[in-house]
Amino acid sequence: MLTSILSIVILAASVTARPSQYDSQPFAKALKARQASTNTTGLEVDLGYAIYQGSANSTTNLNVFRGIRFAAPPTGTLRWQAPRAPPVDRGAPIPATSYAPQCPQGPDASYSIVSVNNSQSNEDCLFVNVYSPNNVTGPLPVLVWIHGGGYGAGNGQQDLSTIINTNNNQFIGVTIQYRLAAFGFLSSDELYRNGVVNAGLLDQHFALQWVQSYISQFNGDPTRVTISGESAGGGSVMLQSMAYGGTLGEYLFTNAIAASPYLPMQYSYSDWVPSQSYYAFATAAGCPPTMAYGSNNSSPIFQCLLNQPTARLINASATISQSGTYGTWAFLPVTDGTFVQDIPSRQLLAKKVNGLNILSGNNANEGTAFVPQNINTEDRLVSWLRLTFPLFSNNDIAKILLYYPSSNSTDDPAAPHFATTGDSGPTALNQSSLGTGQQQRANNIYAETTFVCPSYWLAEAYSDNDFGRGKAYKYQYSVVPALHGFDVPGYFGPVGATPYSASFSRAFQQIWGNFIINNNPSIPQSVAIGTVNGSANATISATSNPATDWPPFSIYNPYQIDLNQTGSSLISVPIPAYGVNVTEQSGIGAVNNFRLVNAYTWEGGRGVRCDFWRSMGSKVPE
């Protein structure tokens with residue numbers, strides 16, 4: 001079971017034109033052609049540039065369209081260029097019954113280089129998938145899912161059928177793909193001058209424009225779009241909310257759902273770190289920097305890369321991506337001055353965001369997968385901190401130790417592992433179901449600076465957004481072991497055994513669904529309380545549940561809902577990827593346990609620590 005969930009867990013450009021120029025009707029010709037056509041039915045959709053034939057699922061009552069092209073193939077001279085409108089292909093209806101190839105993958109760095117299977121990958125990978133109810137009149141709200149994977153892995157093949165069905169088929173689902181690893185996030189001054197950096201983010205932006213232009217053909221309402229994502233997908237939601245300095249308003253979406261938003265180091269496009277990754281990638285691809293000297297060509301490396309075969313670039317991308325510090329990726333979003341104008345900690349503080357409302361969440365144990373699990377002394381902790389935050393001085397390291405105090409200088413191997421309550425007893429500073437002492441200290445530092453604090457900053461940015469019209473809602477997913485990515489099967493439907501009950505999953509899915517449909521995640525009392533062995537939970541049926549009237553998050557009222565359960569039997573399960581056994585809930589007999597808690601005082605003062613990380617943004621940078 002855990003192996004299947006862990007497959008989900010993997011983490012998961014500058015343009016010189018002004019937004020008004022770049023965003024102006026990229027699909028105008030195709031739209032004009034579509035308006036002249038009348039050949040559009042439930043399963044045959046005429047998009048102007050092509051006609052797609054979907055399939056109907058009689059069990060889910062959804063029309064499903066897989067593999068719809070939303071941009072031209074980014075190959076050859078279109079590598080590292082902004083996405084362009086798809087070519088016209090109207091010869092015959094195109095079957096939309098199978099997923100398109102995923103984008104080339106580039107895994108993160110671990111203890112060793114691993115072989116990467118890219119047999120299912122292709123540079124020509126800019127496609128969307130659409131799930132449209134066929135038994136509900138519209139137009140319907142739209143959920144757009146941006147997959148995670150550290151900006152180096154993943155694909156758009158997430159099935160949205162279950163969450164749509166659980167919400168009575170009241171919205172449409174769209175999943176997108178975008179260029180990954182070096183293909184989507186290669187950066188340097190030379191690339192900036194000859195192409196675009198942040199190409200993967202521009203792909204996402206282009207897909208959102210596609211939704212605006214065409215989702216009405218699938219019975220969708222382009223004025224009621226919610227973008228969503230987990231991990232790097234949640235980080236993408238954050239960066240799309242910041243696009244063009246937050247000047248786009250509700251042009252592309254009204255709502256955003258950011259689950260465990262991934263915020264790695266965000267350097268400027270021409271900084272030393274991304275530039276060195278560029279040169280290392282070029283060397284591995286057969287285009288070494290030495291070729292630049294003595295040449296009249298102003299961009300010999302870039303031109304050389306354009307001429308390399310796909311297989312060589314894929315191998316070079318994967319090799320360099322695995323060569324960095326443990327748990328990191330080599331090719332990541334950068335500050336480009338146009339699309340991404342600032343680091344998130346600073347821009348979010350200024351509330352410069354697109355859209356109106358946000359549902360922001362994080363998990364209880366986010367960091368374990370990305371931290372070496374051999375940190376058992378403070379000396380080892382400090383050594384890891386110096387690798388993780390290379391710009392920090394000795395005084396900066398000392399500040400981290402001050403904000404993350406530990407009661408023991410070395411770990412006690414016999415110390416029991418157990419989940420904290422969050423607001424009493426031991427806290428995440430020293431204790432979790434996966435670690436104690438110095439190891440947990442490191443796990444929590446990484447979790448907060450990389451996933452947890454960005455979820456706080458997003459909630460703060462959207463609170464009272466647009467002169468009070470906008471709202472922010474905050475949650476934590478805490479079902480043991482609550483590792484990074486373990487929430488995803490909760491809102492998209494479990495695959496196999498899970499650590500939570502069917503009642504918990506139903507509530508989680510309706511929290512998302514009500515936010516998509518009603519701009520508010522509050523759910524009915526019966527759903528929040530759930531059932532026990534198929535019967536109503538009489539024990540707490542008379543008790544009000546905070547999820548039924550979810551309070552907006554604000555600085556002066558910093559409350560979140562802790563999504564947990566109780567009463568389930570505990571089992572010990574090995575996690576080979578972590579080299580440990582973890583105690584998790586079986587989900588059998590579990591009762592929903594949703595509590596309203598102070599997010600600022602949570603886990604021994606998490607809000608204070610997030611304020612500290614914001615103050616260090618110029619050195620992290622984040």
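When 196, 130 are checked against the criterion of being at pLDDT 95 or above, hydrophobic (A, V, I, L, M, F, W, C) and surrounded by fewer than 24 Cβ atoms within 10 Å (Cβ to Cβ), a single residue qualifies: 196.
All of 388, 450, 420 fail the test of being among the polar types (S, T, N, Q) and over 30 Å from residue 350 (Cα atoms), apart from 420. Just one residue in the set 208, 248, 239, 201 is assigned to a loop (DSSP other than H, G, I, E, B) and either over 22 Å from residue 329 (Cα atoms) or not assigned by TED's automatic domain parsing to the domain that holds residue 514 (or both); that residue is 248.
Answer yes if at least one residue in segment 173-189 is surrounded by fewer than 23 Cβ atoms within 10 Å (Cβ to Cβ) and either among the polar types (S, T, N, Q) or modelled with pLDDT of 95 or more (or both), and no otherwise. Yes, some residue in segment 173-189 is surrounded by fewer than 23 Cβ atoms within 10 Å (Cβ to Cβ) and either among the polar types (S, T, N, Q) or modelled with pLDDT of 95 or more (or both).
Condition test on residue 540, is it farther than 18 Å from residue 359 by Cα, modelled with pLDDT under 95 and outside the structural domain of residue 143 (by TED's automatic domain parsing)? Considered against the rule, which asks whether it is farther than 18 Å from residue 359 by Cα, modelled with pLDDT under 95 and outside the structural domain of residue 143 (by TED's automatic domain parsing), residue 540 comes out as yes.
In segment 353-378, the qualifying residues are those that are under 22 Å from residue 422 (Cα atoms) and β-branched (Val, Ile, Thr), and the one that is surrounded by the most Cβ atoms within 10 Å (Cβ to Cβ) is 368. Can you find a residue in segment 157-178 that is under 30 Å from residue 307 (Cβ atoms), part of a strand (DSSP E or B), under 24 Å from the mean Cα position of the chain (by Cα) and β-branched (Val, Ile, Thr)? Scanning segment 157-178 turns up at least one residue that is under 30 Å from residue 307 (Cβ atoms), part of a strand (DSSP E or B), under 24 Å from the mean Cα position of the chain (by Cα) and β-branched (Val, Ile, Thr).
Among the residues of segment 242-251, are any of a type in the set (S, T, N, Q) and touching a strand residue (DSSP E or B) at 6+ places or on another chain (Cβ under 9 Å)? Checked segment 242-251: no residue is of a type in the set (S, T, N, Q) and touching a strand residue (DSSP E or B) at 6+ places or on another chain (Cβ under 9 Å). Among the numbered conditions (1) within 24 Å of residue 615 (Cα to Cα); (2) surrounded by fewer than 17 Cβ atoms within 10 Å (Cβ to Cβ); (3) in contact with a helix residue (DSSP H, G or I) (Cβ under 9 Å, 6 or more places away or on another chain), the only one that residue 387 does not meet is (3).
Residues that are of a type outside the set (Gly, Ala, Ser) and at pLDDT below 90 were ranked within segment 482-507; the one that is farthest from residue 522 (Cα to Cα) is 495. For segment 546-572, how many residues meet the condition of being modelled with pLDDT under 95, among the hydrophobic types (A, V, I, L, M, F, W, C) and assigned to a loop (DSSP other than H, G, I, E, B)? Within segment 546-572, residues that are modelled with pLDDT under 95, among the hydrophobic types (A, V, I, L, M, F, W, C) and assigned to a loop (DSSP other than H, G, I, E, B) number 1. Looking at the structure I just gave you, is residue 154 surrounded by 23 or more Cβ atoms within 10 Å (Cβ to Cβ), in contact with a Gly (Cβ under 7 Å, 6 or more places away or on another chain) and either outside the structural domain of residue 252 (by TED's automatic domain parsing) or small (Gly, Ala, Ser) (or both)? The answer is yes for residue 154. Within segment 252-280, being among the hydrophobic types (A, V, I, L, M, F, W, C) and not in a loop (DSSP other than H, G, I, E, B) holds for 256, 257, 258, 259, 272, 273, 280. In segment 573-594, is there at least one residue being at pLDDT 80 or above, surrounded by fewer than 17 Cβ atoms within 10 Å (Cβ to Cβ) and in the same structural domain as residue 421 (by TED's automatic domain parsing)? Within segment 573-594 (the criterion being at pLDDT 80 or above, surrounded by fewer than 17 Cβ atoms within 10 Å (Cβ to Cβ) and in the same structural domain as residue 421 (by TED's automatic domain parsing)), the answer is no, since none of the residues qualifies.
The values are calculated or read from the model by the stated rules, or taken from the named source; none is laboratory data. Note that the coordinates shown come from a computational prediction; the quantities given were computed from them, not determined experimentally. Methodologically, a virtual Cβ is constructed for each residue, glycine included, from the backbone with ideal geometry; neighbour enumeration extends over all protein chains shown.
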